[in-house]
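The values are calculated or read from the model by the stated rules, or taken from the named source; none is laboratory data. This structure is a prediction, so every number in the text was calculated from the model and none was measured. Backbone-built Cβ (ideal geometry, glycine too); neighbour counts: all protein chains shown. Accessible surface is based on the protein model in full, side chains and every heavy atom, while ligands, DNA and RNA are left aside. Shrake-Rupley method; radii C 1.70, N 1.55, O 1.52, S 1.80 Å.
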Amino acid sequence: MNEGVEWALHSCLNLDWIGEGRAVTAARLAAYHALPTAYLNKQLQALARAGIVTSTPGPKGGFRLARPLERITLMDVVVAIEGPDEAFRCAEIRQQGPGEMPHTGHELPCAFAESMARAELAWRKELAACTLADVRERAQRRAPAARETLRRWFENS
């Protein structure tokens, strides 16, 4: 996974903590974590295409959550940023080189591909079962002052 997934996840939490209805520019969201604005903007645009955030143009514009964190899963964000394709793609290299096996039309699937598919299914199920609200709750327990610190920073910068 590329780091854009982490950036998108934190941006969603930050938008929630900033407060409902308040639009925030990509530049301000990027500045909070010292990230490159152009790259974070690409992640935010992907979230907007997926219906996770909305984007409003203009001087008072920016990004805001399109729905509550209770209705956004970690898998929603991963798919928005990485796409829906499976992480592992078997290229059937066992059918290349001196170890190439003859094609009989009823080959068994690659054992690695089967194992990777099972692992990915488990990973996707876990991400789909966890909402950003679940993560928000853990984050607030671990760092109770984080939300207020973030709000103050956005109000005063």
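Here are some notes:
- The one condition in (1) open to solvent by less than 50 Å² (accessible area, probe 1.4 Å); (2) over 15 Å from LEU15 (Cα atoms); (3) modelled with pLDDT under 95; (4) under 25 Å from the mean Cα position of the chain (by Cα) that LEU127 fails to fulfil: (3)
- Just one residue in the set GLU20, GLU86, GLU107 is modelled with pLDDT under 95, assigned to a loop (DSSP other than H, G, I, E, B) and closer than 29 Å to ALA146 by Cα; that residue is GLU20.
- Residues satisfying the stated conditions in the stretch 51-73, i.e. part of a loop (DSSP other than H, G, I, E, B) and surrounded by fewer than 18 Cβ atoms within 10 Å (Cβ to Cβ): GLY51, PRO57, GLY58, PRO59, LYS60, GLY61, ALA66, ARG67, PRO68
- The stretch 58-74 residues that are over 9 Å from THR131 (Cβ atoms) and without any contact (Cβ under 8 Å) to a residue 24 or more places away in the chain, paired with ones that are open to solvent by 50 Å² or more (accessible area, probe 1.4 Å) and in a strand (DSSP E or B) (beta carbon under 7 Å, 6 or more apart): ALA66/THR54
- Boolean, ASN41 is in a helix (DSSP H, G or I), of a type in the set (S, T, N, Q), over 12 Å from the mean Cα position of the chain (by Cα) and under 18 Å from LEU132 (Cα atoms): no
- Put simply, of ALA48, ALA117, ALA8 the only residue that is part of a helix (DSSP H, G or I) and in contact (Cβ under 8 Å) with a residue 40 or more places away in the chain is ALA8.
- Residue check, GLU92 open to solvent by 80 Å² or more (accessible area, probe 1.4 Å) and free of Cβ contacts under 8 Å to residues at least 60 places away in the same chain: no
- Filter result for the condition that a residue is surrounded by fewer than 19 Cβ atoms within 10 Å (Cβ to Cβ) and of a type in the set (Gly, Ala, Ser), over ALA38, ALA26, ALA46, ALA30: ALA38
- Looking only at residues in the stretch 1-23 that are among the aliphatic types (A, V, I, L, M) and out of contact with any strand residue (DSSP E or B) (no Cβ under 7 Å at 6 or more places or on another chain), the one that is surrounded by the fewest Cβ atoms within 10 Å (Cβ to Cβ) is MET1.
- When VAL77 is tested against (1) more than 30 Å from VAL24 (Cβ to Cβ); (2) surrounded by 12 or more Cβ atoms within 10 Å (Cβ to Cβ), only condition (1) is not met.
- Scan of the stretch 109-124 for residues that are within 15 Å of VAL79 (Cα to Cα) and either of a type in the set (S, T, N, Q) or surrounded by 14 or more Cβ atoms within 10 Å (Cβ to Cβ) (or both), ordered by number: ARG124
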